[in-house]
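Let me begin by presenting the structure, written as structure tokens, before commenting on it.
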Amino acid sequence: MFINMNGREIIPELELDWSEVTEEIVTFIRDRFRDAGFTRAVLGLSGGVDSALTAYLTTRALGRGNVFCVKMPYKTSSASSLSDADTVIRMLGVASEKVDITPMVDAFLKRFPDVDHIRKGNIMARVRMIVLYDISARENALVMGTGNKTERLLGYTTLFGDSACALNPIGDLYKSQVWALASYIGIPENIVSKAPSADLWVDQTDEDELGAPYVMVDKVLHYYFDLKKTKEEIVAQGIEARIVDNILTLAKRNRFKREPAPFANITISRGNN
């Protein structure tokens, strides 16, 4: 059974009090900025619901004068992504800048012309983070993460690319919860309802790559990680075994992305001087 939220679905177990969630995240942002000694934030605004929601929550926490949004299109980026980003910027009244990453990415591709679309997407994600961190130094601001819990658990992210940030306000919300919260706070409907895409190549969509709708992916991840259900118990909920296998395999294969890089603990005893 699923609950419909403005054209998007969410399983009942993931429904929350969105007013309380909003205040909890806003408080989290304020507390982390105070502890770090910063007052300003910078974030990449893609035109998608994740970055739009993060921009809204950050603006509510810090004030519009302390939020700086950066649009970073590549030559194949869709025009609607830019226009949707502009809609959010106007709605929030925040400062913004457009940085075309095409020359930077193409210079790299010229050196490595054999890259496939996955490697190219990773290059684009990392170039965008270089831009964000440079602007963060200029603006004396912290970089905000915009990744959700679904992406984090699946490893559906680029290390040192879109996964890099100082703090991530929506990192504990599944994608379907992001849609629900975005609808609750009034993110424009066309942004909430459009097909999720990293916009890394023409006609790319997240759900095509994952092989299942996000609401189904979220159900599998929620049952496995939060409720500690076995694969067999998840299949018994009515989800095809092949889909469950694919999702859990992806999550296990990319576990290294969710953990800090390990380092060797040096245990050789040192003599007393």
Select from the range 129-157 the residues that are among the β-branched types (Val, Ile, Thr) and modelled with pLDDT of 95 or more and write down the one among them that is nearest to residue 101 (Cα to Cα). 131
Any residue at all in the range 133-143 that is small (Gly, Ala, Ser) and on the phi > 0 side of the Ramachandran plot? no
Give the range 164-180 a look and list any residue that's buried (at least 22 other Cβ atoms within 10 Å of the Cβ) and under 15 Å from the mean Cα position of the chain (by Cα), or say none. 169, 170, 173, 174, 175, 176, 177, 178, 179
With the requirement that a residue be of a type in the set (Gly, Ala, Ser), closer than 23 Å to residue 75 by Cβ and at pLDDT 95 or above, what does the range 90-128 give you? 96, 107, 125
Cβ contacts < 7 Å: first residue among the β-branched types (Val, Ile, Thr), restricted to the range 233-245; second residue not in a helix (DSSP H, G or I), any location; separation 6+ or different chain. Result? 243/211; 243/212
Count - residues of the range 28-45 that are in contact (Cβ under 8 Å) with a residue 12 or more places away in the chain and either farther than 20 Å from residue 101 by Cβ or surrounded by fewer than 23 Cβ atoms within 10 Å (Cβ to Cβ) (or both): 10
Tell me, please, whether a residue that is more than 18 Å from the chain's Cα centre (by Cα), free of Cβ contacts under 8 Å to residues at least 40 places away in the same chain and surrounded by 16 or more Cβ atoms within 10 Å (Cβ to Cβ) can be found in the range 252-270. no
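Listed here are the residues, each with its yes/no results for (1) buried (at least 16 other Cβ atoms within 10 Å of the Cβ); (2) not hydrophobic (A, V, I, L, M, F, W, C).
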| position | (1), (2) |
| --- | --- |
| 25 | yes, no |
| 47 | yes, yes |
| 51 | yes, yes |
| 75 | no, yes |
| 79 | no, no |
Go through the range 2-21 and count every residue that is at pLDDT below 90 and among the charged types (D, E, K, R). 2
First in the range 81-104 and in contact (Cβ under 8 Å) with a residue 24 or more places away in the chain, second anywhere and of a type in the set (Asp, Glu) and surrounded by 15 or more Cβ atoms within 10 Å (Cβ to Cβ), Cβ under 6 Å, 6 or more apart: 81/199
Of all residues making up the range 222-247, the number that are in contact with a Lys or Arg (Cβ under 8 Å, 6 or more places away or on another chain), in a loop (DSSP other than H, G, I, E, B) and of a type in the set (Val, Ile, Thr): 1
Residues 89, 123, 118: which one is under 19 Å from the mean Cα position of the chain (by Cα) and closer than 24 Å to residue 179 by Cα? 89
Given the condition touching an Asp or Glu at 6+ places or on another chain (Cβ under 7 Å), modelled with pLDDT of 95 or more and crowded, with 18+ Cβ neighbours inside 10 Å, answer yes or no: does some residue in the range 201-222 qualify? yes
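The values are calculated or read from the model by the stated rules, or taken from the named source; none is laboratory data. Predicted model, so just to flag it, every value in this text is computed and none were measured. Every residue, glycine as well, gets a Cβ built from its backbone with ideal geometry; the counts of neighbours run over all protein chains shown.
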